[in-house]
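Chemist: Structure provided below as structure tokens; questions to follow.
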Amino acid sequence: MDITLTELEQAINHWRTLHPSHGEERALSAEVDTLATLYALMIFHRRSSLPLADAKPEARQLIEDWRTRKNPPA
């Protein structure tokens with residue numbers, strides 16, 4: 001399964017809501033930082049989508065968790 005840039009933006013916003021930046025420096029949470037790194041790499045390599053298998057395990061888990069929360073099982 002792939003992740004698109006648009007979906008990745010939605011996942012980042014989801015995790016930003018759950019774990020907002022903190023401190024005077026407004027540091028990103030570990031979750032947002034992980035996904036932001038993937039986002040930056042996709043932009044750098046001009047990818048509009050990416051197979052989840054190509055993402056690091058941490059990013060893949062965050063995306064899978066976001067998808068589950070977005071579409072809970074019936």
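The values are calculated or read from the model by the stated rules, or taken from the named source; none is laboratory data. None of the values given here were measured: they were computed from a predicted structure. Neighbour counts run over all protein chains shown; Cβ positions are idealised from the backbone, glycine included.
Chemist: Please enumerate the residues belonging to segment 5-19 that are in a helix (DSSP H, G or I), over 15 Å from Leu50 (Cα atoms) and without any contact (Cβ under 8 Å) to a residue 24 or more places away in the chain.
Modeler: Across segment 5-19, the qualifying residues are Asn13, Arg16, Thr17, Leu18.
Chemist: Just one of (1) at pLDDT below 95; (2) charged (D, E, K, R); (3) surrounded by 12 or more Cβ atoms within 10 Å (Cβ to Cβ) trips up Arg69, so point out which.
Modeler: Looking at each condition in turn, Arg69 falls short on (3).
Chemist: In this structure, does Ile43 turn out to be surrounded by fewer than 17 Cβ atoms within 10 Å (Cβ to Cβ) and among the hydrophobic types (A, V, I, L, M, F, W, C)?
Modeler: Spelling it out, Ile43 is indeed surrounded by fewer than 17 Cβ atoms within 10 Å (Cβ to Cβ) and among the hydrophobic types (A, V, I, L, M, F, W, C).
Chemist: When you go through (1) in a helix (DSSP H, G or I); (2) on the phi > 0 side of the Ramachandran plot one by one for Arg46, which number turns out not to apply?
Modeler: Looking at each condition in turn, Arg46 falls short on (1).
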